């Protein structure tokens, strides 16, 4: 079984990548859209013997955006799972006169519940993750049917995990940096697939996290396509 001291790092990075499902438009490798749209998303991420599948919803305004996610983390080398919930808020700013690029500062937070009774020990775990950063994306290539949108993100995260046996608690925590690189492939203006990789900074024995996000935009009735 993976050492307890690494769990919260793996969970934090996974939760952060799935949390990007509730992110902005071009900054997250998604097609630009008119204000007032709602985006639905799903994400899968894997690293260090754990993986997470999650879904999210985002409300997009003219600049501000916010969203929520829920997910489930499973582990390769022991039974049990972690249920995650999260929220993200940010602001998207057009960069350059052409409006092909966006810069988006953001704040994000996630909570994780479980696994419980870890391998029959009677110990339960819970996770907290807080993060902040900035992400940038640009429409690099665009045709009537397909748009390519590379993205890069830099941020800092604070992660902690608490183990409790009902009598005493132990809390482990870390603060670390991370870089995320992605390539959004948008089909039309409503659907996009964005594979990405997160590279943790300032940590020992932490592998990159691989993931993919899928997004679907819902236009308001009467909005232009």
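Here is a list: 85, 93. Which entry is farther than 18 Å from residue 125 by Cβ and either out of contact with any helix residue (DSSP H, G or I) (no Cβ under 8 Å at 6 or more places or on another chain) or in contact (Cβ under 8 Å) with a residue 24 or more places away in the chain (or both)?
It is 93.
I'm trying to understand the selection: among the residues of the stretch 96-121, which are in contact with a helix residue (DSSP H, G or I) (Cβ under 6 Å, 6 or more places away or on another chain) and closer than 15 Å to residue 162 by Cβ?
Result: 110, 112.
Taking residue 150 and the conditions (1) in contact with a strand residue (DSSP E or B) (Cβ under 9 Å, 6 or more places away or on another chain); (2) farther than 21 Å from residue 41 by Cβ; (3) surrounded by fewer than 22 Cβ atoms within 10 Å (Cβ to Cβ), which numbered condition does it fall short on, given that it satisfies the others?
(2)
With the structure loaded, tell me whether residue 159 is surrounded by 15 or more Cβ atoms within 10 Å (Cβ to Cβ), at pLDDT below 90 and either touching a helix residue (DSSP H, G or I) at 6+ places or on another chain (Cβ under 9 Å) or not in a strand (DSSP E or B) (or both) or whether it fails that test.
yes
Go through the stretch 135-151 and count every residue that is within 17 Å of residue 103 (Cβ to Cβ), assigned to a strand (DSSP E or B) and over 13 Å from the mean Cα position of the chain (by Cα).
So the count comes out to 6.
Residue check, residue 167 against (1) in a strand (DSSP E or B); (2) over 22 Å from residue 143 (Cα atoms); (3) modelled with pLDDT of 90 or more, all met but one. Which one?
Condition not satisfied by residue 167: (1).
So if I check each of 164, 196, 173, 206, which one is in contact (Cβ under 8 Å) with a residue 60 or more places away in the chain, under 27 Å from residue 114 (Cα atoms), touching a strand residue (DSSP E or B) at 6+ places or on another chain (Cβ under 9 Å) and surrounded by fewer than 17 Cβ atoms within 10 Å (Cβ to Cβ)?
173
Residues of the stretch 106-134 being in a loop (DSSP other than H, G, I, E, B) and either surrounded by 15 or more Cβ atoms within 10 Å (Cβ to Cβ) or in contact with a strand residue (DSSP E or B) (Cβ under 6 Å, 6 or more places away or on another chain) (or both), which ones?
Within the stretch 106-134, 114, 115, 116, 123 qualify.
Go through (1) over 17 Å from the mean Cα position of the chain (by Cα); (2) surrounded by 17 or more Cβ atoms within 10 Å (Cβ to Cβ); (3) free of Cβ contacts under 8 Å to residues at least 40 places away in the same chain for residue 102 and report which single condition fails.
Of (1) over 17 Å from the mean Cα position of the chain (by Cα); (2) surrounded by 17 or more Cβ atoms within 10 Å (Cβ to Cβ); (3) free of Cβ contacts under 8 Å to residues at least 40 places away in the same chain, only one is false for residue 102: (3).
The values are calculated or read from the model by the stated rules, or taken from the named source; none is laboratory data. These numbers come from a predicted model, not from an experiment. Every residue, glycine as well, gets a Cβ built from its backbone with ideal geometry; the counts of neighbours run over all protein chains shown.
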